[in-house]
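*Asks:* Quick one: this structure, given as structure tokens, is what I'll be asking you about.
The values are calculated or read from the model by the stated rules, or taken from the named source; none is laboratory data. Note that this is a predicted model, so its numbers are computed, not measured. Using ideal geometry, Cβ is built from the backbone for each residue, glycine included, and neighbour counts are taken over all protein chains shown.
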């Protein structure tokens, strides 16, 4: 990203991480952005941020499809927000993870 006059512009293509490929560097990048999100709770007013969550009991067989729905949502939101003049840079984090321990046999 670079700022030109009053507008932010991409200096290259949007980046995304490879799906389902474990990487210590990618995990560290996600960890840093999660920590920045925690800092944003105090640093930014509620009219400048949206931090919400939901706890659900789910069917794990739907997890792969849920990941696809999340990916589609991220792409649609990115397209919506990046259309027209851009005066700010924001980060969207989405986490979906188990709170229960899986029984290992």
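*Asks:* I'd like the full set of residues that are surrounded by 10 or more Cβ atoms within 10 Å (Cβ to Cβ), at pLDDT 65 or above and closer than 15 Å to residue 89 by Cβ, limited to the range 10-48.
*Replies:* Listed by number, the residues that qualify are 33, 36, 37, 40, 43, 44, 48.
*Asks:* Residues of the range 29-62 being assigned to a loop (DSSP other than H, G, I, E, B) and in contact (Cβ under 8 Å) with a residue 40 or more places away in the chain, which ones? Spell out how you get there, then give the answer.
*Replies:* Step one: filter the range 29-62 for residues assigned to a loop (DSSP other than H, G, I, E, B), giving 44-59.
Across the range 29-62, the qualifying residue is only 55.
*Asks:* Something else about it: On the basis of being at pLDDT below 95, surrounded by 10 or more Cβ atoms within 10 Å (Cβ to Cβ) and not in a helix (DSSP H, G or I), does residue 86 make the cut?
*Replies:* Details: at pLDDT below 95: yes; surrounded by 10 or more Cβ atoms within 10 Å (Cβ to Cβ): yes; not in a helix (DSSP H, G or I): yes.
Against the criterion (at pLDDT below 95, surrounded by 10 or more Cβ atoms within 10 Å (Cβ to Cβ) and not in a helix (DSSP H, G or I)), residue 86 qualifies.
*Asks:* Additional query: Does residue 65 qualify as being out of contact with any helix residue (DSSP H, G or I) (no Cβ under 8 Å at 6 or more places or on another chain), at pLDDT 95 or above and assigned to a helix (DSSP H, G or I)? If you could, list the steps in order and put the result at the bottom.
*Replies:* Numbers: out of contact with any helix residue (DSSP H, G or I) (no Cβ under 8 Å at 6 or more places or on another chain): yes; at pLDDT 95 or above: yes; assigned to a helix (DSSP H, G or I): yes.
Judged against the criteria, residue 65 is a match.
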